[in-house]
Amino acid sequence: MPVRALLVYPELPPTYWSMTYALPFIGKKASIPPLGLLTVASLLPADWEVTLVDMNVERLRASAVSEADVVFTSSMIVQRESHERVVRLCNELGTPVVAGGPYPSSGHERIQGVDHFVLNEAEVTLPPFLADFARGRADRVYRDTARPDIALTPPPRFDLVKRRRYSTMAVQYSRGCPHSCEFCDIVELFGRRPRTKGADQLLNELTLLYDGGWRGSVFVVDDNFIGNVREVKALLPRVASWQRERGYPFGLFTEATLGLAEDPELMDQMVSAGFNMVFVGIETPDRKTLESTGKRQNLRSDMLESVRTIQRKGMEVSAGFILGFDSDPRDIFDRQIRFIQESGIPSAMVSLLTALPGTRLHRRLQREGRLVAESTGGNNTHDLRLNFAPRMDARELLEGYKRVLSRIYDPDRYFSRCLDLLKSMKPHRTSARKITFTELRAFLFSLVRQTFSFYSRAYWKFLVKGLLARPRMLAETVTMAVKGHHFFRMTEIVLEPDRFDETPG
């Protein structure tokens, strides 16, 4: 009999990133499927019976676990609590559990109940595990820091995904980043030399999604899509041609550095290929802090102008910001608020600094005796305790953080940024297309839900001004309004009394 493998993706708690409170507007359960597990599925033996349960879109039933010969699970730190529940259920039912992904790879020693750890990159560590498993003598830990050639990685098993439950599909083009920010774990996990897939390889993955009926948003999940500029510039014309031949079925978005704004040709190529949004790590407007944390790539130009340059090309900028650096000045909270407002960035993901395991920051704070707990995920709003002793008074830092969130996600301020973006951003090439059923549903749901909200006046003011300013960009206008609902709800949760522990640990 073939081996029955159950792949389980633990539940993600609501965060600013999750869009939990926006998804009902479009009738979806989760933002994106677990691309890592889908890739693992493609590396399993062809004769295995493979099933996927993403706990973000469906329940994990005990019967599914008991019927499986082995359970594979992959998780990030933010999924720790759900991961523990999955492992506990496997232990109770006597089903072997194999764990991998960023959370186990950063500290498997602290994780209990797992039978086998397959760490780092699966292309390297999964084959020896599978060979030993077939012989009935698999070890507990498989670990290798070798960097595989991902041009040899087979396409993800998209056929395992219940696509209608997601708002976005995902593909990966590269791994690694040439930069070395002190607080970031990407370099530790994937190295400083970006490794890319071939153009034909990525186009094949897009074709698999297209032939499977997917239309809409696709997230290129690279931590720095432009890490290898030469290869990206060779790829993008191929993607643009593929999109044109099919009438631009996908709206693409990804992550990159602000250095994107310094390359007009690259921006034009991305827009031609269908990219309409990019996430960038701005972190802080304080230049001293950027220097001290190794974020020197943000020092090469005026960050505010860089953001506006990308927007004018036709790509929305979403950005990450961090509070709690050692060199943060006392006025950093007001400066963060001012920068976010002036930049016209609607989706500003502001987090408290966390010392992720394996990073240079974690090692430095450990040497200085300032670590007081393990990371809980950084952007996870159900547990915002600091895991290190900050230079700034902890109470002042947490109160300042709450003030930043309350200001930037005040409905009037949020919708003002959205309107600034609509006015300054070049319309996407897909803005004039027909409105889809999902978008129409979101619009009607938005009218009903947001008209009778506490921010109704600000919502209608934005809706009217947005449609007058950019009548062709109805879909983008409604999307910003719906995202606003999620951000406002998350901010309410974060600002609840006693939500914060005022001491580290």
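The values are calculated or read from the model by the stated rules, or taken from the named source; none is laboratory data. Just so we're clear, the structure is a prediction, and the values are computed from it rather than from any experiment. Please note: Cβ atoms are built from the backbone with ideal geometry, for glycine as well, and neighbour counts cover all protein chains shown.
Figures for the structure shown
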| item | result |
| --- | --- |
| Flag if residue 202 is closer than 16 Å to residue 156 by Cα and crowded, with 21+ Cβ neighbours inside 10 Å | yes |
| Residues located in the range 408-426, provided they are aliphatic (A, V, I, L, M) and assigned to a helix (DSSP H, G or I) | 408, 419, 421, 422 |
| Residue among 488, 445 that is crowded, with 16+ Cβ neighbours inside 10 Å, within 24 Å of residue 307 (Cα to Cα) and in contact (Cβ under 8 Å) with a residue 12 or more places away in the chain | 488 |
| Single residue of 433, 429 found to be surrounded by 15 or more Cβ atoms within 10 Å (Cβ to Cβ) and either in a helix (DSSP H, G or I) or at pLDDT below 95 (or both) | 429 |
| Answer from 454, 462 - the residue that is in a helix (DSSP H, G or I), modelled with pLDDT of 95 or more and of a type in the set (Phe, Trp, Tyr) | 462 |
| Among (1) more than 15 Å from the chain's Cα centre (by Cα); (2) touching a residue at least 12 places away in the same chain (Cβ under 8 Å) - the single one residue 36 does not satisfy | (1) |
| Residue match in the range 318-335 (condition: farther than 22 Å from residue 403 by Cβ and either polar (S, T, N, Q) or crowded, with 22+ Cβ neighbours inside 10 Å (or both)) | no |
| Hits in the range 340-352 - residues which are under 20 Å from residue 17 (Cβ atoms) and either acidic (Asp, Glu) or in a helix (DSSP H, G or I) (or both) | 340, 343 |
| Answer from 163, 140, 175 - the residue that is within 19 Å of the chain's Cα centre (by Cα), in contact (Cβ under 8 Å) with a residue 24 or more places away in the chain and surrounded by fewer than 17 Cβ atoms within 10 Å (Cβ to Cβ) | 163 |
| All positions within the range 39-70 that are in contact (Cβ under 8 Å) with a residue 40 or more places away in the chain, part of a helix (DSSP H, G or I) and of a type in the set (A, V, I, L, M) | 40, 41, 43, 64, 65 |
| Qualifying residue in the range 148-157 (condition: more than 23 Å from residue 203 (Cβ to Cβ), in contact (Cβ under 8 Å) with a residue 40 or more places away in the chain and touching a helix residue (DSSP H, G or I) at 6+ places or on another chain (Cβ under 9 Å)) | no |
| In the range 287-300, residue nearest to residue 327 (Cα to Cα) [restricted to those that are in contact (Cβ under 8 Å) with a residue 40 or more places away in the chain and in contact with a helix residue (DSSP H, G or I) (Cβ under 6 Å, 6 or more places away or on another chain)] | 298 |
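Residues checked against (1) on the phi > 0 side of the Ramachandran plot; (2) modelled with pLDDT of 90 or more; (3) over 28 Å from the mean Cα position of the chain (by Cα):
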{"residue": "437", "(1), (2), (3)": "no, no, no"}
{"residue": "442", "(1), (2), (3)": "no, yes, no"}
{"residue": "445", "(1), (2), (3)": "no, yes, no"}
{"residue": "458", "(1), (2), (3)": "no, yes, yes"}
{"residue": "470", "(1), (2), (3)": "no, yes, yes"}
{"residue": "487", "(1), (2), (3)": "no, yes, no"}
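Matching residues to (1) touching a Ser or Thr at 6+ places or on another chain (Cβ under 7 Å); (2) not in a helix (DSSP H, G or I):
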| residue | (1), (2) |
| --- | --- |
| 255 | no, yes |
| 259 | no, no |
| 267 | no, no |
| 278 | yes, yes |
| 298 | no, no |
| 301 | no, yes |
| 304 | yes, no |
| 309 | no, no |
| 312 | yes, no |
